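The values are calculated or read from the model by the stated rules, or taken from the named source; none is laboratory data. All of these numbers come straight from a predicted model, not from anything done at the bench. Note: ideal-geometry Cβ built from the backbone for every residue, glycine included; neighbour counts use all protein chains shown. Just the protein is used for accessible areas: all its heavy atoms, side chains included, with ligands, DNA and RNA removed. Shrake-Rupley method; radii C 1.70, N 1.55, O 1.52, S 1.80 Å.
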Amino acid sequence: MAEITAKLVKELREKSGAGVMDAKKALVETDGDMDKAVELLREKGMAKAAKKADRVAAEGLTGVYVNGNVAAIVEVNAETDFVAKNAQFVDLVNETAKVIAQGKPANNEEAMALIMPNGETLAAAYVNATATIGEKISFRRFALLEKTDAQHFGAYQHNGGRIGVISVIEGGDEALAKQVSMHIAAMKPTVLSYTELDPQFIHDELAQMNHAIELDNESRAMVNKPALPFMKYGSKAQLSDEVIAQAQEDIKAELAAEGKPEKIWDKIIPGKMDRFMLDNTKVDQAYTLLAQVYIMDDSKTVEAYLDSVNAKAVNFARFEVGEGIEKKANDFENEVAATMAAALNN
């Protein structure tokens, strides 16, 4: 079986717009065949909308709609940011989120067959919008989240709707759920917990982080600054009982060497173990919601904060407009030069 590397997963995410775990699973199912993986994701409704040959729809909006215990988040794309502010486009985005929350389709194909309030299918609505607005309008993706009566949705949109988030929180209230969604919007976690991270992904990300430290140390050496230590672990998934026990023994040896009285060790060890966990879960902190430092209380992780208020995160979805879509780069200087040359020639 082909090796599924982080580079392959990243490439598939960029091609399809799928999440880390969805991309990984698709590559595993297709034995690393990129084309087959893209097709598989498309069939499951996770691939991005098809593009015209030379036109890229990478602007747009997210839409969020809550229908009782079901919430939908969608991404709808346009070619320009100007059109993304068009009232017809905004209405289409909001109506799309509403009919998807109500219809609960299984994939994009089923979503496109849903009936809009005016009686036309969602697919027809996008054809008509493209014709009337004058540029490519495409439905890219959606996610459905469900909750129980005892749970709360946190619905939040940021930057004029370019980022949309729905979280499901058990305990607390809607205000807490919205705060968690605000955190998700800002900090960009991709999964809830370290248990959702693939071991190879963790390994590759840790290697990249250590490479960054290596480059930093080269710069630090030039100005006679002490080198930063390399990280041995990057995720809680790597911290076995044996590793944690050894860390505690190392801390005890360190306290003994410093001459700290043994009777006060119990007061010192928990804080040092917290530091050990923080230093050795950098991959988790980058990608998992629960391990991130909570932006509303930077003395705690999201998980620790929610524990402190008798709540827990159950699920979330975060969409950012255009993520994973390759945009055409505009060379402004060349564009100006070409314009000036044309003017001089006339």
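Per-residue answers, yes or no, for (1) of a type outside the set (A, V, I, L, M, F, W, C); (2) surrounded by 20 or more Cβ atoms within 10 Å (Cβ to Cβ); (3) not in a strand (DSSP E or B):
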position	(1), (2), (3)
Met277	no, no, yes
Ala286	no, no, yes
Leu290	no, yes, yes
Met296	no, no, yes
Ala304	no, no, yes
Ala313	no, yes, no
Phe319	no, yes, no
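When you look at Glu135, is it of a type outside the set (Lys, Arg), under 26 Å from Gly324 (Cβ atoms) and open to solvent by 60 Å² or more (accessible area, probe 1.4 Å), yes or no? No, not satisfied. With the condition kept exactly as written, say whether any residue in region 114-121 is open to solvent by 60 Å² or more (accessible area, probe 1.4 Å), modelled with pLDDT of 95 or more and more than 25 Å from Lys188 (Cβ to Cβ). There is at least one residue in region 114-121 that is open to solvent by 60 Å² or more (accessible area, probe 1.4 Å), modelled with pLDDT of 95 or more and more than 25 Å from Lys188 (Cβ to Cβ). Checked against the criterion of being at pLDDT 95 or above and among the small types (Gly, Ala, Ser), the candidates Gly45, Gly32, Gly63, Gly134 yield just one match: Gly63.
Would you pick out the residues in region 157-175 that are closer than 21 Å to Tyr305 by Cβ and in a loop (DSSP other than H, G, I, E, B)?
Those that are closer than 21 Å to Tyr305 by Cβ and in a loop (DSSP other than H, G, I, E, B): Gly171, Gly172, Asp173.
Evaluating Glu109 against the criteria (1) open to solvent by 50 Å² or more (accessible area, probe 1.4 Å); (2) part of a loop (DSSP other than H, G, I, E, B) leaves one unmet condition, (2). Per this entry, Ala101 is not counted among residues that are farther than 30 Å from Leu290 by Cα, in a helix (DSSP H, G or I), open to solvent by less than 20 Å² (accessible area, probe 1.4 Å) and in contact (Cβ under 8 Å) with a residue 40 or more places away in the chain.
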